[in-house]
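A.B. asks: A single structure is presented below for examination.
The values are calculated or read from the model by the stated rules, or taken from the named source; none is laboratory data. A quick note: this is a predicted structure, and the numbers were derived from the prediction, not measured. Using ideal geometry, Cβ is built from the backbone for each residue, glycine included, and neighbour counts are taken over all protein chains shown.
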Amino acid sequence: MNKEELQEQYFKLQYLHEQINEIEKQIQLFSNQIVELTSTVQSLDEFKRITPGTEILVPLSQGMYAKAELKDNNELLVNVGSNVSVKKNVENTKKLINNQIEEIKKIQIQMTSNLQNLTLQAVPLQKEISELSSKQ
């Protein structure tokens, strides 16, 4: 193998590493989303236990809250996209979130499989490049 072929193999390996790194980042983002959604489900369980009429803190922005009185601990306004909100009860909202978690997990499994395939392609290429570069 000549120098140009070695360089071409090296570029292929670099490309595989870039793809691997990108998939790893996406998998981590999905893991973070799952943690956040799971926390939301737990918060909904806690919310359901708050007695109507209780004074609560309502977030206005990052680190800014207003005092408010809870009128209903079962009905929520849920953003369903395109700035459209619909009324949902806590249990239906939890089901919606749990479905989102399951969909994310399915995508994560597929991405993990893709990551494994790319790694399987990179290992022999790395070995080949190492062997060829040591011969030159």
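A.B. asks: Do we have any residue at all in the stretch 57-67 that's in contact with a Lys or Arg (Cβ under 9 Å, 6 or more places away or on another chain), over 30 Å from Ser130 (Cβ atoms) and outside any helix (DSSP H, G or I)?
C.D. replies: yes
A.B. asks: Something else now. Of the conditions (1) closer than 30 Å to Tyr15 by Cβ; (2) hydrophobic (A, V, I, L, M, F, W, C); (3) in contact (Cβ under 8 Å) with a residue 40 or more places away in the chain, Ile101 fails just one. Which one is it?
C.D. replies: (1)
A.B. asks: Looking at this structure, is Leu37 at pLDDT 95 or above and within 20 Å of the chain's Cα centre (by Cα)?
C.D. replies: Criteria met by Leu37.
Yes/no per residue for (1) modelled with pLDDT of 95 or more; (2) hydroxyl-bearing (Ser, Thr, Tyr):
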site: Glu55; (1), (2): yes, no
site: Tyr65; (1), (2): yes, yes
site: Val78; (1), (2): no, no
site: Asn99; (1), (2): yes, no
site: Glu102; (1), (2): yes, no
site: Gln116; (1), (2): yes, no
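A.B. asks: Condition test on Gln110, is it assigned to a helix (DSSP H, G or I), among the polar types (S, T, N, Q) and either surrounded by 11 or more Cβ atoms within 10 Å (Cβ to Cβ) or in contact with a Leu (Cβ under 8 Å, 6 or more places away or on another chain) (or both)?
C.D. replies: So Gln110 fails the test.
A.B. asks: Look at Leu44 and say whether it is hydrophobic (A, V, I, L, M, F, W, C), within 30 Å of Ile129 (Cα to Cα) and either in contact (Cβ under 8 Å) with a residue 40 or more places away in the chain or in a helix (DSSP H, G or I) (or both).
C.D. replies: Here the answer is no, as Leu44 does not meet what is asked.
A.B. asks: Report, ordered by the first and then the second residue, all pairs with beta carbons closer than 7 Å, sequence separation of six or more or different chains, a first member in the stretch 8-30 that is under 11 Å from Ala122 (Cα atoms), and a second member that is among the hydroxyl-bearing types (Ser, Thr, Tyr) and part of a helix (DSSP H, G or I).
C.D. replies: Correct list of pairs: Ile20/Thr119.
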